[in-house]
Amino acid sequence: MKHIPRFFVENEIVCGENVSISPEQMFHVNKVLRLKENDNVRIFNNISGEWECSIKNVKKNLITPLKLLRVPRDETGPSIACSLINPNKFSIMIEKITELGVQNIYPIITDYTQYKTFNKQKVKQIIIQACEQSKRLTIPKIHEIIKLKDFLGNLSENQKILVGIEKENVAKMSHCVEKDIIFVVGPEGGFSDKEIALFNDIAVVNLAYFGRNILRSETAAIAFISLWVAKYL
């Protein structure tokens, strides 16, 4: 079956009404994929679903929605609070957990976090491209950077938090995964003793470990989302 490219658009999609895609998207359509006017592409968002479209005007970046293929739907998934790490590794992590179905991403700063900022526009583009590739309709939300202490201080009594640590005197991760959960991933070097004590003082926080092997931050994030997917999807 011929691959038909799909692109995320922000605005509502209406049958027969031309939609403007970004110059970057049209460049990919025309110069990379070698598609021409009247060829088919797909566009989507969580407001209007997924649509089959015809390329209307390459120079003006216009396409015409022709047929609704998938109606909007709720896409369930866990949330993750992850320490900022090396930008290249952070990008890989964001791409993979988006493909797996994460819904919310909270970038956090911990005691051992070495990186304090990230390129939000670049990360958003990685998220969108991962959604286009994985056939998702919804785009996960990436929140503003927040310190771990403040993140924990904003939790409600109904939220459930699962923290991956390296100590073996806690439950295995596979036994602790629940449907409505936020997973917390530390930086290189893990969490400090002060942070572990803070976790122990908060009722909605549970500690767990994956096993004897030490996982990189990006690996831990991918492993957690994979556990959730295996259990609930």
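When K116 is tested against (1) surrounded by 13 or more Cβ atoms within 10 Å (Cβ to Cβ); (2) assigned by TED's automatic domain parsing to the domain that holds I139, exactly one condition is not met: (1).
Restricting segment 9-46 to residues that are β-branched (V, I, T) and surrounded by fewer than 13 Cβ atoms within 10 Å (Cβ to Cβ) leaves a set whose member that is nearest to I128 (Cα to Cα) is V32. With respect to E144, is the statement that it is under 16 Å from S79 (Cα atoms) and within 17 Å of the chain's Cα centre (by Cα) true? Yes, satisfied. Give me the residue from segment 104-113 that is of a type outside the set (S, T, N, Q) and surrounded by 15 or more Cβ atoms within 10 Å (Cβ to Cβ) and, out of that set, nearest to K179 (Cα to Cα). By that ranking, first place goes to I105.
When L84, L62 are screened for being surrounded by 13 or more Cβ atoms within 10 Å (Cβ to Cβ) and closer than 30 Å to Y115 by Cα, only L84 passes. May I ask you to list the residues in segment 90-131 that are of a type in the set (F, W, Y) and not in a helix (DSSP H, G or I)? Scanning segment 90-131 gives Y106, Y112, Y115, F118. Quick check on E218: is it surrounded by fewer than 19 Cβ atoms within 10 Å (Cβ to Cβ), assigned by TED's automatic domain parsing to the domain that holds I92 and either acidic (D, E) or more than 29 Å from N45 (Cα to Cα) (or both)? Taking the combined requirement at face value, the residue does not satisfy it. Residue count for segment 157-175 under the criterion of being touching a helix residue (DSSP H, G or I) at 6+ places or on another chain (Cβ under 9 Å) and within 13 Å of W228 (Cβ to Cβ): the result is 4.
Please state which one of E178, E166, E195 is surrounded by fewer than 14 Cβ atoms within 10 Å (Cβ to Cβ) and in the same structural domain as N104 (by TED's automatic domain parsing). Exactly one residue qualifies, and that residue is E178.
Regarding segment 12-25, can at least one residue be identified that is assigned to a strand (DSSP E or B) and assigned by TED's automatic domain parsing to the domain that holds K122? Checked against the condition, which is being assigned to a strand (DSSP E or B) and assigned by TED's automatic domain parsing to the domain that holds K122, segment 12-25 yields no hits at all.
Conditions (1) within 28 Å of K141 (Cα to Cα); (2) modelled with pLDDT of 95 or more; (3) part of a strand (DSSP E or B), marked per residue:
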| position | (1), (2), (3) |
| --- | --- |
| V29 | yes, no, no |
| C53 | yes, yes, yes |
| L68 | yes, yes, yes |
| T76 | yes, no, no |
| A81 | yes, yes, yes |
| I85 | yes, yes, no |
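Quick check on segment 115-133. Is at least one of its residues of a type in the set (A, V, I, L, M) and more than 25 Å from P87 (Cα to Cα)? No, that holds for no residue.
Being among the β-branched types (V, I, T), crowded, with 19+ Cβ neighbours inside 10 Å and farther than 13 Å from S83 by Cα is a property that I161 has. The set of residues in segment 33-51 that are assigned to a strand (DSSP E or B), under 26 Å from the mean Cα position of the chain (by Cα) and over 30 Å from F151 (Cβ atoms) comprises V41, R42, I43, F44, G49, E50, W51.
The values are calculated or read from the model by the stated rules, or taken from the named source; none is laboratory data. Please read these numbers as outputs of a predicted model, since none were measured by experiment. Glycine also receives a Cβ, built like all others from the backbone with ideal geometry; neighbour counts cover every protein chain displayed.
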